[in-house]
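Participant: Please see the structure below; I have some questions.
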Amino acid sequence: MTDHTYALSNAWKQARQRLALLEDELDPATRRRLLACGVTAGWQCLEVGAGGGSIAHWLCQQVGADGRVLATDIDTTLVAVDAPPNLELATHDLTRDPLPPAEFDLVHCRWLLHHLPDIDDAIGRLLGAVKPGGVLLIEEPDFFPVHAGAPALYARFMDALTRAVVAHTGRDCYWARSLPAMLEHHGLQAVGADAQAAVLHGGERLARFYRLSGQQARPRVLDTGLLAEADYDAALDLLDDPGLWAFGACTVAAWGRRPA
Ligand SMILES: C[S@@+](CC[C@H](N)C(=O)[O-])C[C@H]1O[C@@H](n2cnc3c(N)ncnc32)[C@H](O)[C@@H]1O
């Protein structure tokens, strides 16, 4: 039976560690993109699916005391830790709960939409919260690079893992390349995009992130039938092997302005 719940819950005992590894990997490029979008003192920002909270907390520093950051997630426990005074929190499910309409200079989400059943609907909801003239920035992984030149077991594990965690959506994790076109179809102006493929080294940060993800999602990964239990165990060992060099996901970032 398909499990419709989020596969990688923040309530898991190692969720903080897992999300911190992802943040260390992705934050430098995200911060660069946010600065290029113009984020500055006094801005009203919305961070959706805030996870471990590093970007929400960083945005609070950028917007200062005259600005405001609203961070939402289905589970805000981790983002709430050491929250700065200009951070507001809301427990919020993007698939069904409303967002404040046309209120934010910036709306941002990262590595969220691939978990949701209807990406177009989610983009529409995010866009509805952007002020006229404000910016929407979305960053999502496309896993095509994992198949390039890596050991077959690694590629098979990553394929099974990503299919397992998004099985309830009816999609795979090879669609983020379409994000810029999706933003244009939603009527955003001055749409821009870039993409960065991660390099993974066995035993290091990104490999540890995928190892933890695989451990958290173990029953779902095995349920896919794409990987026997012995191969699953061997893949976890491979992720610990310093001889492994491979590509991780390619994060596709796309941004644009809501028409004034
Ligand atoms: C892969 S984590 C990414 C966290 C953070 N955006 C980052 O990039 O570091 C996905 C986050 O989305 C949240 N999430 C999952 N489904 C959601 C939904 N329907 N609405 C809002 N947040 C959701 C999860 O709780 C988790 O914190």
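The values are calculated or read from the model by the stated rules, or taken from the named source; none is laboratory data. Just so it is clear, the model here is predicted, and its values are computed rather than measured. Here the Cβ positions follow ideal geometry from the backbone for every residue, glycine too, while neighbour counts run over all protein chains shown. Just the protein is used for accessible areas: all its heavy atoms, side chains included, with ligands, DNA and RNA removed. Shrake-Rupley method; radii C 1.70, N 1.55, O 1.52, S 1.80 Å.
Participant: Quick test of your reading of the structure: Gln61 fulfils all but one of (1) touching a residue at least 24 places away in the same chain (Cβ under 8 Å); (2) part of a helix (DSSP H, G or I). Name the failing condition by number.
Facilitator: (1)
Participant: Name the single residue that is surrounded by the fewest Cβ atoms within 10 Å (Cβ to Cβ) among those in the stretch 116-157 being in a strand (DSSP E or B) and away from the ligand (no atom under 16 Å from the Cβ).
Facilitator: Restricting attention to the stretch 116-157, the residues satisfying the condition of being in a strand (DSSP E or B) are 130-142.
Remaining after also requiring away from the ligand (no atom under 16 Å from the Cβ): 130-135.
Working: Val130: 23, Lys131: 17, Pro132: 9, Gly133: 11, Gly134: 23, Val135: 24.
Restricting to residues being in a strand (DSSP E or B) and away from the ligand (no atom under 16 Å from the Cβ), the top hit is Pro132.
Participant: Could you tell me how many of the residues in the stretch 193-209 are out of contact with any Cys (no Cβ under 8 Å at 6 or more places or on another chain) and either exposed (fewer than 15 other Cβ atoms within 10 Å of the Cβ) or under 30 Å from Gly243 (Cβ atoms) (or both)?
Facilitator: 11
Participant: Please pick out the residue among Asp223, Asp240, Asp231 that is over 29 Å from Ala122 (Cα atoms) and open to solvent by 70 Å² or more (accessible area, probe 1.4 Å).
Facilitator: Asp240
Participant: Among Leu34, Leu87, Leu70, which is the only one that is of a type in the set (A, V, I, L, M), in contact with a Cys (Cβ under 6 Å, 6 or more places away or on another chain) and away from the ligand (no atom under 12 Å from the Cβ)? Show your work before the answer.
Facilitator: On the way: Leu34 fails: in contact with a Cys (Cβ under 6 Å, 6 or more places away or on another chain); Leu70 fails: in contact with a Cys (Cβ under 6 Å, 6 or more places away or on another chain).
From the options Leu34, Leu87, Leu70, the qualifying one is Leu87.
Participant: Give the residues of the stretch 75-88 that are among the hydrophobic types (A, V, I, L, M, F, W, C) and either surrounded by fewer than 13 Cβ atoms within 10 Å (Cβ to Cβ) or closer than 30 Å to Pro259 by Cβ (or both), sorted by residue number. Give the steps one after another, and end with the answer.
Facilitator: Within the stretch 75-88, the first condition is being among the hydrophobic types (A, V, I, L, M, F, W, C), and the residues that meet it are 78-81, 83, 87.
Residues satisfying the conditions are Val81, Leu87.
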